[in-house]
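Here's the structure we're looking at; comments come further down.
The values are calculated or read from the model by the stated rules, or taken from the named source; none is laboratory data. What you are looking at is a predicted structure, and each value in this text was computed from that prediction instead of being measured. Here the Cβ is made from the backbone with ideal geometry for all residues, glycine too, and neighbour counts use every protein chain on show. Quick note on the areas: whole protein, heavy atoms, side chains included, nothing else; ligands and nucleic acids left out. Shrake-Rupley method; radii C 1.70, N 1.55, O 1.52, S 1.80 Å.
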Amino acid sequence: MDKLRLLRSNSWCRLGVSRVSTFCGRFYSSASDPDPTDTIYSRISRAGHPTNSMTAILEEWLEQGRDLKRSVLQGLVKQLRKYNRSGHALQVSEWMFDQMNYPVSPGDIAIRLDLISRVRGLEQVEKYFDGIPDNLKGFQVYGSLLHCYAAHKHLEKAEALMLKMRELGFLKTSLAYNVMLKLYFQLGKTEKLEMLLQEMEQNGIKHDKFTFNIQLNAYGATADIEGMEKLLSKMAIDPGLTLDWHVYVIVAKWYLKAGLIEKGLTMLRKLEPIISGKSKRTAYETLLTLYATAGETDDVYRMWNLLKNLGKVYNSGYLCMISSLMKLDEINGAERIFKEWESELEYFDARVPNVIISAYCRKGHLEKAEAYVNGFIESGKDPDATTWDRLATGYHANGQMAKSVEAMKKAILADRPGWTPNTMTLAAILEYLKEQDDVGAAEEFLKLLQERGHSSTGIYDKLGSDLNKEILRFEAIAQMEREEHIG
């Protein structure tokens, strides 16, 4: 530990004597390192399980006499956020400023607020915000807090903060407006959305592509296809606006949802030629999911081949492809792609096997789902809370309640920040235990829920109502499908 303190105080280390560069998403240390592929990014990427400590990895790196520049740590936070590893990103952020004592910027604080929101909830966000010095509470920080309120759909607090930002003169661009517009759209507050759009026009705040995209989504969500098409035409002739493929994806998605398959397919094929640059990978992943929604198996495989032609396929690509093939009932194809993922596996991502396990559970192929879970255990990988939750829901949907109870217990014991159990399956489990007249088992299960912080999941409201087992099974599967939605 003395060595670690020396390293931290070493001005040469803080100045970054060893060069650090970014290439293909990896952060490389100096050429003097014995293994150039052994990077801080590769170590952290491999430690993907939610229970792994990022702090321990960072401390070990320093103890080995290596440098960690502020820019590298900020890059790590960015990458971890990008891949939804919010808990790990928060650990790195806290370690960077609390342990390494690097100077903190408003941008760093804004990111920290977002991470706390995702991992620990709004109460901790507000506590952290209250402790920020006033000189650092600028537009970025207030904007991040607004985003936190919106992410948790806390309308009253978001509106109150918007009023405060208006008083402080922070509403000079579309950024905060777009956050509120999206929140109003998500909550179905159409009148408030329209009023805010009018306020933007009155204050001379120009609508950007995000503003227009929210409007397109609002029209689509209310099945106002005509309004959506008129807005798209208006956008097309706006000289200050360039329509990228994202715009056409939004329109295509709502066409498909409205059952206008041919219009949706026309829109998808219209956008393909304008895909370019670094966005190709994301575009192809998005397109193959939408072609699956339209039932176009050949186009799904065509997009997959285009994606593979870009080079290495990442976990997100496999996730989209397996999910799409399962949606099309192309089980053999999904299994083949899954085996390909296993053979190419570099960094384990539990979401990929969870997709195929979920699909098996939905379709009643419980033996296959069990085989996959057992395979992970035998290979030394611990199934996460979502895996056990999906299996518990599969057992519930197929009337195997004793197995559902045991799988849900394992899910709760393996829980992680941000995870919540399937409430319908939980309701069915507690009802089952009540019917079995097993008071001890029921109390044990409830105690486990409370100890793990899941006593406010809405489950007790379900118990107070007249439960219909068939409806519970249907709703449990529906909830699993919503949570499994990709793209």
**OP:** Answer yes or no as to whether residue 80 is open to solvent by less than 40 Å² (accessible area, probe 1.4 Å), part of a helix (DSSP H, G or I) and touching a helix residue (DSSP H, G or I) at 6+ places or on another chain (Cβ under 8 Å).
**Re:** yes
Original post:
Does residue 250 count as closer than 20 Å to residue 212 by Cβ and assigned to a helix (DSSP H, G or I)?
Top reply: yes
Original post:
Taking into account only those residues within the stretch 371-391 that are surrounded by 18 or more Cβ atoms within 10 Å (Cβ to Cβ) and farther than 23 Å from residue 317 by Cα, which is farthest from the chain's Cα centre (by Cα)?
Top reply: 391
Original post:
Only one of 241, 187, 183, 168 is within 30 Å of residue 136 (Cβ to Cβ), surrounded by fewer than 19 Cβ atoms within 10 Å (Cβ to Cβ) and out of contact with any His (no Cβ under 6 Å at 6 or more places or on another chain); which?
Top reply: 168
Subject >> Restricting the stretch 229-238 to residues that are part of a helix (DSSP H, G or I) and over 21 Å from residue 276 (Cβ atoms), the residue that is least open to solvent (accessible area, probe 1.4 Å) >> reply: 231
Original post:
Filter the stretch 256-270 for residues that are aliphatic (A, V, I, L, M) and surrounded by fewer than 17 Cβ atoms within 10 Å (Cβ to Cβ); which is nearest to the chain's Cα centre (by Cα)?
Top reply: 258
Subject >> Qualifying position, being of a type outside the set (Asp, Glu) and touching a strand residue (DSSP E or B) at 6+ places or on another chain (Cβ under 6 Å), among 83, 41 >> reply: 41
Subject >> Unique match (being within 21 Å of residue 121 (Cβ to Cβ) and surrounded by 17 or more Cβ atoms within 10 Å (Cβ to Cβ)) among 175, 145 >> reply: 145
**OP:** Report whether or not residue 252 is small (Gly, Ala, Ser), modelled with pLDDT of 95 or more and either under 23 Å from the mean Cα position of the chain (by Cα) or within 23 Å of residue 280 (Cα to Cα) (or both).
**Re:** yes
Original post:
Given the structure, is residue 337 of a type in the set (A, V, I, L, M, F, W, C), open to solvent by 10 Å² or more (accessible area, probe 1.4 Å) and farther than 30 Å from residue 431 by Cα?
Top reply: no
Original post:
Would a scan of the stretch 393-415 turn up a residue that is outside any helix (DSSP H, G or I), more than 30 Å from residue 283 (Cβ to Cβ) and modelled with pLDDT under 85?
Top reply: yes
